[in-house]
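Here the structure comes first, spelled out in structure tokens, and everything after it is commentary.
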Amino acid sequence: MIEINLYSTSLFLTKIYYQLILDFVNKAPNEVVWIFLFKYWGWLLIIYFFLRYLAYPEYMYYIQDRWFVQNVKMTILAIDVPRRNEQSVQAMENFFDHLQGAHATITLWEKYIEGVFQLSFSCELVSIEGNVQFLIRTPSHLRNLVEAAVYAQYPDAEITEVNDYVHTVPKLYPNETHDLWGCEFTLSNKNVYLPIKTYIKFEHRFSEVFVDPMAALLETMSQIGPGEQIWIQFLLKPLAVDWGLEKGKAEINKVLGKPPEAKKGIFSAFSKVGAGLVSEFTTQLADVSLVGEEGEKKEEAPSFKMMNLTPGQKEQLESMERKIAKLAFNTKVRFVYVTEKGKMNKAIGVNGLIGAFKQWTDMNLNGFKPDLKPTGTNAPQYVLIEYRRNSRRNWLLDGYIKRDGVRGDPAKPLCSEELASIWHFPSMYVKAPLLRKTEFTKVAAPVGLPLGEAPAMAGPKELGEVIAEKTQVIPTFDYDNDAFEMQFAKDKNAFEESRPAREERLKEITKEDAVRLKQIEKQEPSFASTSAKASVDKKATEGVEKEAAKAAKKSENKRPSSPKASASVETSAGRKATADRSDDKEKKAEKVSNKEVDQKEPGLPGNLPFID
């Protein structure tokens, strides 16, 4: 227990109080300023604010820019993946996890003296006159890391080094040839630990059909015409492994209603000492302790329990825990739409693209929204409107060209699952509709089931049609073309020489796909023809027996006048029934043969309960 001399403490505080009154009361403003600066060392406070908020940022920017220019070179890689890509979005998530190998440990000397900082990647999506291209801008010494990460997930990918495409448009606005519209995208929720709508939610839980949101984005970008360009930039800076453990847990506790945990440090130590002093002061002054008689504080009952959480809060907790458990990058998203004069189509280039980004929005969690007020090129509405809009255009375009991660809104953390959802190669969704599964059980019909004539059902689709509808879902847009590489490739001769080998490889992939589909077709027709033949034979036998029974019944109903007549009638009836049975057998045999001929074309079995 700390002992306090109350008399000496109160005497000291009283002297300070009267001294402040003598120094500042009834003084001129300039005298107050001089007294504060020199008598009370106020100039130290001014120097601190100057160094912290003016000199320090300029110094760090200078040494980091010097280190970057002297030691780092950047390379832009164009990535093409065959349109018949069968990799899922999980492959791109693995790709981003692989890029975490670029995270560096930087010492204090390197950071504040040499200017070393964590390098970033830029994953870009570009459409030039409708030709869509995936690009990655990477430090040159990390190029092998990027290529290894791509080839590990997409063995048939083609990677080409290209020149920077941003130099094809003017850098200053206004000008006589081009117009520009752009902005930055930010998260719609202030809680950055809530994830956006990821690819897991775009897959139907039961049918396992994946509706790719990238298809809408790429389709929009492919709709632009001559003289138009759309640029989308994702700046990614790797974060440490424990990037979200502390603050993310704090957000989770906030949802649960738990009090925040006290931070361990020098300030917490001082606060504990201050609390002890106040407690001792009140104890000696009034002989009353803030602590209970037993010296233990009463624990408050928890104000919020898991059972009281709403479904939305439970989803938030699960989503935050899932996000902070994954590797992440500090991410900044920029969007630029450049056109020639008179060709700007905002319905496609602006509204269509913003609408495509809305697909990743979950109102209960997080999503993307255009940050128009601080970064939108058309945000200024009053006072020097055109001048401020052109300044905003130049500012945004310069940040895009330099891939500046500081300019504009602060970067927000996105985990690898979120990044894979917004930047991945569309895949040909392969579904196995021919896989025979027991998806239902046979039970008795319910009591009171209304009886009536069953509606006509559509015939089974041919196997080729089902495969065309389900397994050959190939995008209509072409993101695997050579237009971009032929325009921006650094070594165009080498690129042209590599085309024959590339085309041969694509032919081999197409042949492999065809062989695999033929194998699927061979497995199904045998089952289909066997089941169809058995059902047809059974129906034919049942039909013959029914007709024979009807003929016998008719013969019994006819009573002849004499035994001879009856014998002749019976004989003629028997011959007629025998002839009818032989004719029916011949007809059924012809139908069976025709059915077998039809079964040469692969088709689904006719006794399936339904066809999706």
What distance in nm separates the simple spin-label points at V25 and N94, each placed 7 Å from Cα in the Cβ direction?
7.8
With no solvent term and unit scatterers on the alpha-carbon positions of region 110-176, Debye gives log₁₀ I(q)/I(0) at q = 0.15, 0.16, 0.21, 0.23 Å⁻¹ of -0.72, -0.78, -1.03, -1.12
Taking only Cα atoms of region 353-407, radius of gyration then Dmax in Å
13.9, 39
So how far apart, in nm, are the two label points at I200 and E508 if each is 7 Å from Cα heading toward Cβ?
3.7
Ranked output for segments 103-112, 155-164 by mean other Cβ atoms within 10 Å, highest leading, reads 155-164, 103-112
What number comes out for accessible area per residue over region 126-241 if the probe is 1.4 Å? Units Å², please.
41
Relative to the present Cα-Cα distance, how much length would full extension add between D404 and M486 at 0.36 nm per residue of separation?
26.8 nm
Accessible surface, per residue, of region 1-124 when the full set of protein chains is kept, probe 1.4 Å, Å²
69
Checking rank on 47-59, 400-412, with mean other Cβ inside 10 Å and highest first, the result is 400-412, 47-59
Given 0.36 nm per residue, what is the gain on full extension from Y18 to E246 after removing their alpha carbon distance, in nm?
77.5 nm
Past 31 Å, Cα to Cα, is the threshold; run K73/K492; K323/K343; K323/K373; K314/K369; K111/K197 against it and keep the listed order.
K323/K343; K111/K197
Sorted largest first, extent of region 5-116 alpha carbons per principal axis (Å):
84, 38, 27
Per residue, the convex hull volume that the Cα atoms of region 50-125 enclose (Å³)
136
Which order do the peptides 374-383, 210-219 come out in when sorted by mean C-beta neighbours inside 10 angstrom, highest first?
210-219, 374-383
Taking R0 as 25 Å, what's the FRET efficiency between N191 and H141 from their Cβ-Cβ distance, rounded to 0.05?
0.10
Euclidean distance of C-alpha centroids, region 20-46 and region 52-84, integer Å
46
Inter-label distance, nm, simple model (7 Å from Cα along the C-beta direction), A347/M307
5.8
F36 to Y61: FRET efficiency via 1/(1 + (r/R0)^6), r the Cβ-Cβ distance, R0 30 Å, to the nearest 0.05?
0.40
Note to self: C-alpha centroids of region 194-229 and region 331-371 sit apart, in Å, by 13
Here region 35-48 yields Karplus 3J(HN,Hα) values (6.51, -1.76, 1.60; θ = phi - 60°; whole Hz; Gly and Pro given as x) of 4, 5, 6, 9, 7, 10, 6, x, 5, 5, 5, 5, 5, 4
When the accessible area of region 24-95 is computed with all protein chains present and a 1.4 Å probe, what percentage of it is carbon and sulfur?
65
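The values are calculated or read from the model by the stated rules, or taken from the named source; none is laboratory data. Treat the numbers as computed from the prediction; the structure is a model and nothing was measured. When we count neighbours, we look across all protein chains shown, and the Cβ atoms used for this are built from the backbone with ideal geometry, even at glycine. Remember, those area values only see protein heavy atoms, side chains included, never the ligands or the DNA or RNA. Shrake-Rupley method; radii C 1.70, N 1.55, O 1.52, S 1.80 Å.
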